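**Q** Pasting a structure here, questions to come.
Please treat every number below as a calculation from the coordinates, not as lab data. Quick caveat, the model's predicted, so the values are computed rather than measured. So basically every Cβ, Gly included, is an ideal-geometry build from the backbone, and we count neighbours across all protein chains shown.
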Amino acid sequence: MQLICLGTTGFHPNTRRHTASFLLPEVGVVLDAGTGLFRLADHLATERVDIFLSHAHLDHVSGLTYLVETFGVDAHDQVTVHGTTDKLTAVKQHLYAPAIFPVAPGYKFCELGETCQLPCNSAGDAGTMRTFPMKHPGGSIGMRLEWPDHSLAYVTDTTATADADYIEQIRGVDLLVHESNFPAGHDELAELTGHSCLDKVAQVAAAAEVARLVVTHVDPFLTKETDFDLSDARKVFAEIEIAEDLDVLEF
Ligand SMILES: [Zn+2]
Ligand SMILES: [Zn+2]
């Protein structure tokens with residue numbers, strides 16, 4: 001199965017990265033709807049999409065307003081936006097307020113609980129999603145997605161610790177996509193902003209015994225020159241990479 005990185009930063013886009021969005025083209029599942037969602041049309045392989053929101057901060061939802069370009073304004077049967085009740089209410093009331101965005105969307109909004117069935121893969125097997133609450137200003141949810149022989153966890157906008165509550169929820173997945181807004185050593189800022197440092201994310205991946213870790217929601221202020229140094233993190237968890245926009249991850 002493939003996961004296409006449509007956007008791999010947070011806060012704001014820069015010339016290298018757009019904000020959080022990922023596509024599983026085989027099943028038409030989108031994780032978060034940041035500015036990277038403008039790329040959806042180029043990679044869409046299904047007639048409809050299910051978009052799952054980790055939370056409603058702008059860097060994860062602003063791309064919802066780009067969908068009119070992909071699906072038109074009456075996409076009642078083509079787009080379902082899933083999220084917790086409070087986040088969907090915020091999106092409907094604020095992002096789609098007429099003074100903010102003039103086109104009322106025809107999409108379905110679906111309340112996301114602890115479990116959810118996911119579309120069938122090309123072999124005809126349905127998937128399942130399990131969600132779990134995470135610590136972040138305003139709250140966010142992590143997601144574990146599974147089909148037979150494929151498992152993925154998406155953990156963004158939270159402060160990783162070696163004993164984080166969600167470690168059991170992501171145990172043993174084939175691919176963990178976890179935010180690390182900051183390099184190691186910015187713990188105070190990470191706690192203040194509700195984000196993660198690379199050393200702690202590597203500890204989470206090791207504790208959860210995942211097969212592979214791909215780091216996302218990379219601080220947009222980092223440049224190629226000041227990028228993450230992975231050498232220390234690799235001593236804790238060897239199979240770690242930093243996501244770039246338009247990477248295609250196989251799992
Ligand atoms: Zn974010
Ligand atoms: Zn956030």
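**Q** Add -39500 (n - 2.57) for each DSSP H run of 4 or more in the chain, then divide by its residues: what number comes out at 222 nm, to the nearest 500 deg cm²/dmol? Mind showing how you got there, number by number?
**A** Details: 7 runs with 43 residues, N = 251.
One gets -4000 deg cm²/dmol as the mean residue ellipticity at 222 nm.
**Q** Another question about this same structure. Which cross-chain or sequence-distant (5 or more) residues have an amide H under 5 Å from the amide H of Glu179, H modelled 1.01 Å from N in plane?
**A** Excluding prolines and chain starts, which carry no amide H, the hits are Val155, Thr156, Asp157, Thr216.
**Q** I've got another one for you. Return Phe182, Phe228, Phe101 ranked ascending by Cβ neighbour count within 10 Å, so the fewest neighbours appear first.
**A** Lowest count first: Phe101, Phe228, Phe182.
**Q** Going by how many other Cβ atoms sit within 10 Å of their own, how do Val91, Val177 line up, fewest first?
**A** Val91, Val177
**Q** Moving on. Using only Cα atoms, what Kirkwood radius does the chain have, in angstroms?
**A** About 18.0 Å, per the Kirkwood formula over Cα pairs.
**Q** Once you sort the root eigenvalues of the Cα gyration tensor of the stretch 19-99 as a ≥ b ≥ c, which label holds: rounded (a/c under 1.5), prolate (a/b larger than b/c) or oblate (the other case)?
**A** prolate
**Q** Mind checking which lysines have their Cα closer than 24 Å to the Cα of Lys200? Skip sequence neighbours fewer than 8 apart in that chain.
**A** Lys135, Lys224, Lys235
**Q** Ranked highest first by the average count of other Cβ atoms within 10 Å around their residues, in what order do 236-244, 120-128, 19-27 fall? If you can, show how the numbers build up before the last one.
**A** Working: 236-244: 16.9, 120-128: 12.7, 19-27: 25.4.
Those peptides, ordered most packed to least, come out 19-27, 236-244, 120-128.
**Q** Right, here's the next one. Under unit Cβ charges (Lys, Arg +1; Asp, Glu -1), what dipole magnitude, rounded to 20 debye, does the chain have relative to its Cα centre?
**A** The calculation lands at about 440 debye.
**Q** Taking the alpha-carbon distance from Lys92 and a cut-off under 19 Å, which aspartates and glutamates remain once sequence neighbours fewer than 8 residues away in the same chain are dropped?
**A** Lys92 reaches Asp32, Asp50, Asp59, Glu69, Asp74, Asp77, Glu111.
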